[in-house]
1. Taking only Cα atoms of the range 125-222, what ratio of Rg to Rh do you get with Rh as the Kirkwood inverse-distance radius?
2. Return the sequence-ordered ³J(HN,Hα) values of the range 197-212 in whole Hz as given by the Karplus equation 6.51 cos²θ - 1.76 cosθ + 1.60 applied to θ = phi - 60°, using x for Gly and Pro.
3. Could you let me know the centre-to-centre spacing of the range 1-23 and the range 168-209, using Cα atoms, in angstrom?
4. Quick check: with the 1.4 Å probe, what order do Arg4, Arg97 take by accessible area, largest first?
5. Taking the chain as the region of interest, what is the percent of Cα-Cα pairs per 5 angstrom bin, listed from the shortest bin to the one with the maximum distance?
Amino acid sequence: MQQRADIYAVIHKGLRAFMGQTLTRVGRVDWEDAEDRGTTLAQVQELLACCAAHLEHEDGFIHPAMEERRPGSSAQTSGDHRDHLRHIEELGRMAARVGESANGARQQAGDELYRALAGFVAENFEHMEIEERYNNSVLWSAYTDAEIMGIEQRLVASVKPEMMQLLLPWMLPYASPAQRAEMLGGMRQGMPGEAFQGVMNMLRDLLLPREWNKLATTMSLA
Ligand SMILES: [Fe+2]
């Protein structure tokens, strides 16, 4: 069967990586170590900001496209998004509480954050599976690949630069080599050379040497 355009694949891999790594980091952090605490809480807030922006992107572009040609088809994942927004706000408050707790009282607030974040991650993993299975089947039956790529381009163009900077270090390393090269090929066409070089420099630090070597070969041949 021919592979169809998948609007979710790379961003969802990135979000799964970001969520999984942040959850495990919250599990092992020493909350009484000010530096460790500060950087971990900052990562939690960045993750929450990315999750909230991701909901907006899907609500703004993917669900309206589904509704336009298959009315009612986005109901389940739209409803999930409303729940996720409430969770995101609650997690933000819990993270702030860890930061404000007195010495010696942080571990308990941290344990509560860890378990609430685990629940949120679990819910999101199931939700993303519904999007990739059910929402994709709706998109594939209602739109051509060229139309789906058009929706994706409009979505990506709407992403604020500072949000893109947060997302790329999670999307690019955790995509497959082929997805990574395809994404970078598009970015090379659409970005100033200096900005593209900045992305490649960032990526070089995040990839394993053999991943980097493969990418360098693919990109120089492209
Ligand atoms: Fe979603």
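1. Numbers: Rg = 15.2 Å, Rh = 15.2 Å.
That ratio equals 1.00.
2. Those phi angles translate into 4, x, 5, 5, 5, 4, 5, 4, 6, 9, 8, 5, x, 5, 5, 5 Hz.
3. Here the two parts' Cα centres lie 16 Å apart.
4. Details: Arg4 70, Arg97 110 Å².
So, going from the largest accessible area down, we get Arg97, Arg4.
5. That works out to 1, 6, 13, 16, 17, 15, 13, 10, 5, 2, 1, 0, in percent per bin.
The values are calculated or read from the model by the stated rules, or taken from the named source; none is laboratory data. Bear in mind the structure is a predicted one, so any value in this text is a computation, not a measurement. Ligands, DNA and RNA are excluded from the accessible area calculation, which covers all protein heavy atoms including side chains. Shrake-Rupley method; radii C 1.70, N 1.55, O 1.52, S 1.80 Å.
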